Amino acid sequence: MTACTVIGLGEAGATYAAALAAAGHQVTGFDPVAPTTPEGVTRRATAAEACTGAEIVLVMTGAAAARSVAQECLPVLGDGSVYADFTSSSPGVMQELGQLPGKARFADVAILGPVSALGEKTPLMVSGPGAQAVAGLLRPLGVQVEIADGEPGAAMAHKLLRSVLMKGMASVVVEAVTAGQAAGLEDWIRGQIANQLAGDGQAVIDRFLTGTAKHAVRRSKEMQDTASYLSDLGVPAEMTTASAAALARMAQATEPALR
């Protein structure tokens, strides 16, 4: 049994706190606003009080609170303890927090999926001196934990690179399906999206990398026309407009090579 503390008892924090308590760990929590406390979790009045005596602390607040929480909690943690920051702070902030004075081993934890859908089994990537301890605690819960080489910030760097794809792709899909609905072609555009997401992923990546720059001039004009069409449909076209601008930039960059 491990003495665990979860700071932040919102959706993610409550999920992990409940899972750890159900697995037999001693779980203490703190959250200034969460209306409920997960079963088996003892709630404290302050973050520092919740961390006193903890062997491992899991911080699941918003990124804006990461510094203040670390500054409050790290001084009360003893030798051999672990401070695991699950917030979506930048790699630079994670590096900074990992250098704050204290006896705890710091771990930068990146959540690689939607906790709302996957619960405590959402895949994680961890880096920093406390990475092995985090993996040891959570893998028995069925969590896939990958340890990234490097100091604190390495895991978050991986997550933010993934976000370029996942959040960008999600926004493009939403824009395309919304436009399909407005045009009366939702089923057709859904089929197009599904076909692109299936098959040989590496081949698709290579095709995008080579074809996008090669045909940037023509595709930029096409995306400008597409943005105009979405405007006619009354559909926001932020992603389409951004694609047109990116293609125009690529076209300018390749022009000298084509002369």
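The values are calculated or read from the model by the stated rules, or taken from the named source; none is laboratory data. Keep in mind it's a predicted model, so treat the numbers as computed, not measured. Note: ideal-geometry Cβ built from the backbone for every residue, glycine included; neighbour counts use all protein chains shown. We work out accessible area using only protein heavy atoms, side chains counted, and drop any ligands, DNA or RNA first. Shrake-Rupley method; radii C 1.70, N 1.55, O 1.52, S 1.80 Å.
In nm, what is the difference between 0.36 nm times the number of residues separating A63 and L161 and their Cα-Cα distance? Write out the running numbers ahead of the final one.
Details: separation 98, 0.36 × 98 = 35.28 nm, distance 1.72 nm.
Extra length from A63 to L161 when fully extended: 33.6 nm.
Antiparallel DSSP bridges in the chain: what percent, to the nearest 5?
Values: 4 of 27 bridges.
In the chain, DSSP labels about 15 percent of beta bridges as antiparallel.
Could you put L124, L209, L118, L233 in order of accessible surface area, largest first, with the 1.4 Å probe and the full protein assembly present? Please report the intermediate quantities before stating the final value.
Working: L124 5, L209 125, L118 85, L233 50 Å².
Most to least solvent-accessible, the answer reads L209, L118, L233, L124.
Quick one: which residues, 5 or more positions from V27 or on another chain, have an amide H under 5 Å from its amide H? H modelled 1.01 Å from N in the peptide plane, none for Pro or chain starts.
Counting only residues 5 or more places away or on other chains, the set is C4, T42.
Contact order normalised by length for the chain, with contacts defined as Cα pairs under 8 Å and 6 or more residues apart; what percent is it?
Details: 441 pairs, mean separation 30.3, N = 259.
Over the chain, the number comes to 12 percent.
Once both axes come from the Cα atoms, what is the angle between helix 11-22 and the longest principal axis of the chain, in degrees from 0 to 90, rounded to 10?
Orientation of helix 11-22: about 40 degrees from the principal axis.
Match the structure shown to one of the listed values (1) 133; (2) 167; (3) 156 of volume of the Cα convex hull per residue in Å³, computed from it, and give that label.
Among (1) 133; (2) 167; (3) 156, the one derived from this structure is (2).
Tell me the angle of helix 201-214 to the major Cα principal axis of the chain, expressed in degrees between 0 and 90 and rounded to the nearest ten.
50
Give the calculated FRET efficiency between S90 and A170 to the nearest 0.05, with a Förster radius of 25 Å applied to their Cβ-Cβ distance. All intermediate terms of the calculation are to be shown ahead of the outcome.
On the way: r = 21 Å, r/R0 = 0.82.
Efficiency computed from Cβ-Cβ geometry: 0.75.
List the lysines whose Cα lies under 26 Å from the Cα of K103, skipping any in the same chain that are fewer than 8 positions away.
Leaving aside lysines fewer than 8 places away in the same chain, none come within reach of K103.
Equivalent-ellipsoid semi-axes (√(5λ), Cα gyration tensor) for the stretch 1-126, whole Å, largest first?
Details: eigenvalues 78, 61, 36 Å².
Output for the stretch 1-126: semi-axes of 20, 17, 13 Å.
Give me the distance in nm between label points sitting 7 Å out from Cα along the Cα-to-Cβ direction at A246 and W188, one decimal.
Taking the simple label geometry, A246 and W188 are separated by 2.5 nm.
So which aspartates and glutamates pass the test for K167, namely a Cα distance under 18 Å, with those fewer than 8 places away in the same chain ruled out?
Cross-link targets: E175, E238.
Compute the Kirkwood hydrodynamic radius of the stretch 1-75, taking the inverse of the mean of 1/r over all pairs of distinct Cα atoms, and give it in Å to one decimal. Before the final figure, lay out each step's value.
Working: mean 1/r = 0.0841 Å⁻¹.
Averaging 1/r across every pair of different Cα atoms and inverting gives 11.9 Å.
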